[in-house]
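These notes concern the structure reproduced below.
The values are calculated or read from the model by the stated rules, or taken from the named source; none is laboratory data. Predicted, not measured: the structure shown is a model, and the values here were computed from it. Cβ placement follows ideal geometry from the backbone for every residue including glycine, while neighbour counts extend to all protein chains displayed.
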Amino acid sequence: MKRICLVALALMLFTANVYAQEAKVIIATGGIGGVYYYYGTQISEIISKNKVATATAIQTAASVDNMMLLRDKSNPDKSSFFIGTVLPDTAYFTVTGKHEKFAEKPAKAAILWMMYPNYLHVVTTENSGIKTLSDLAGKRVSTGAPGSGTEFTALNLLKAAEIDPAKFRKWEKLGAKESDEALANGTLDAYVWSGGLPTGSIVELANTLKRKGTNLFIVPLPDSDPGVAAFKKEFSGLADSQVIPKAVYGTAEDTPTLAFWNMFVGPESLPEDLAYNMVKAVFENLQTLHSSVKAARDTTVENSSRFVGKTAIPFHPGAVKYFNEKGLSK
């Protein structure tokens with residue numbers, strides 16, 4: 001009997017190892033310079049080092065692109081799955097088909113865990129003359145890389161504020177690093193960015209601007225602003241009012257803004273055991289993630305489990321199983 005049990009155990013371990021070797025996970029992140037890229041790279045290393053699956057992180061235009069990859073490129077028959085980072089408003093619109101690129105074919109996704117709150121940055125300089133959201137009208141502005149969650153949020157915010165980007169003096173669609181360079185070089189007046197605190201490229205930008213004789217300024221987005229109020233009404237439950245402390249980027253004052261909890265998602269077709277093992281590996285190696293990515297300090301079992309059953313997009317059964325084991329979800 002003992003021998004039979006040992007053989008059965010060996011067979012189970014062999015099967016699990018074979019599955020881990022066969023499963024391929026591609027982690028869709030964001031542009032270099034943004035938190036998504038570095039966060040996703042660390043997740044890739046954790047998954048691979050713990051032999052959950054063969055994982056690779058790739059640079060993308062972020063949220064919208066990531067949901068398209070998840071929808072179109074995951075192949076359960078070949079045990080190949082795209083997972084990745086996404087903003088909640090983007091996730092909601094792509095899963096419900098309200099986003100134009102997903103109208104005919106909504107994404108079928110499930111949340112693996114909550115990452116950290118993304119803060120909306122409208123970045124400019126103290127001498128740009130831009131002090132409020134409405135001041136962007138007629139300026140040289142970047143709304144984020146095409147297909148990114150930043151672009152999606154930026155365009156919806158501008159729409160709520162009744163600002164037509166087509167009437168900008170110059171309308172750019174740049175990623176974080178390119179936007180920083182353009183602002184520092186004086187070819188851009190402002191840009192929109194949605195990222196964790198701190199976003200490394202903005203810290204570097206603040207230092208660059210000081211050397212050039214000016215200071216970084218982040219445009220306030222208080223609830224009293226009509227555009228912000230209209231945006232929050234449109235995206236009820238997806239955006240919270242938060243503050244970017246002045247110490248984060250060395251600004252003169254704390255800056256009121258909007259925050260969104262980033263989600264790490266996978267396709268519904270992701271096997272429950274694979275999802276469970278990925279979530280387990282990540283949460284049992286949080287020290288590695290936290291020490292590598294500052295914004296990831298908010299990635300905790302407690303922060304994720306409190307959202308279960310309260311989000312427009314469901315959590316993956318494999319993730320819920322792990323939270324249940326920890327006694328943090330019912």
Inset, instruction - Could you please find all residues in the range 217-252 being surrounded by fewer than 16 Cβ atoms within 10 Å (Cβ to Cβ) and either touching an Asp or Glu at 6+ places or on another chain (Cβ under 7 Å) or within 30 Å of GLU204 (Cα to Cα) (or both)? - result: PRO222, ASP223, ALA229, ASP240, SER241, VAL243, PRO245, LYS246, ALA247, GLY250, ALA252
Inset, instruction - Could you please find all residues in the range 201-228 being closer than 28 Å to ALA91 by Cα and free of Cβ contacts under 8 Å to residues at least 24 places away in the same chain? - result: SER224
Legend entry - Selection status of VAL141, outside any loop (DSSP other than H, G, I, E, B) and outside the structural domain of GLY31 (by TED's automatic domain parsing): yes
Legend entry - Subset of the range 146-176 [of a type in the set (S, T, N, Q) and assigned to a helix (DSSP H, G or I)]: THR150, THR153, ASN156
Inset, instruction - Confirm whether SER179 is part of a helix (DSSP H, G or I), of a type in the set (S, T, N, Q), surrounded by 20 or more Cβ atoms within 10 Å (Cβ to Cβ) and under 24 Å from the mean Cα position of the chain (by Cα). - result: yes
Inset, instruction - Starting from residues that are in contact with a helix residue (DSSP H, G or I) (Cβ under 7 Å, 6 or more places away or on another chain) and not in a helix (DSSP H, G or I), keep the ones in the range 301-312 and report whichever is surrounded by the most Cβ atoms within 10 Å (Cβ to Cβ). - result: VAL308
Inset, instruction - Write out, first by first residue and then by second, each pair whose Cβ atoms fall under 6 Å of each other, whose residues are 6+ apart or on separate chains, and whose first residue, in the range 147-167, is under 14 Å from ALA62 (Cα atoms) and modelled with pLDDT under 90 while the second is among the acidic types (Asp, Glu) and crowded, with 20+ Cβ neighbours inside 10 Å. - result: GLY147/ASP65
Legend entry - Pick from the range 106-132, criterion touching a strand residue (DSSP E or B) at 6+ places or on another chain (Cβ under 7 Å) and outside any strand (DSSP E or B), ranking: surrounded by the most Cβ atoms within 10 Å (Cβ to Cβ): ILE130
Inset, instruction - Filter the range 270-295 down to residues that are buried (at least 16 other Cβ atoms within 10 Å of the Cβ), of a type outside the set (D, E, K, R) and at pLDDT 95 or above, then give me how many there are. - result: 14
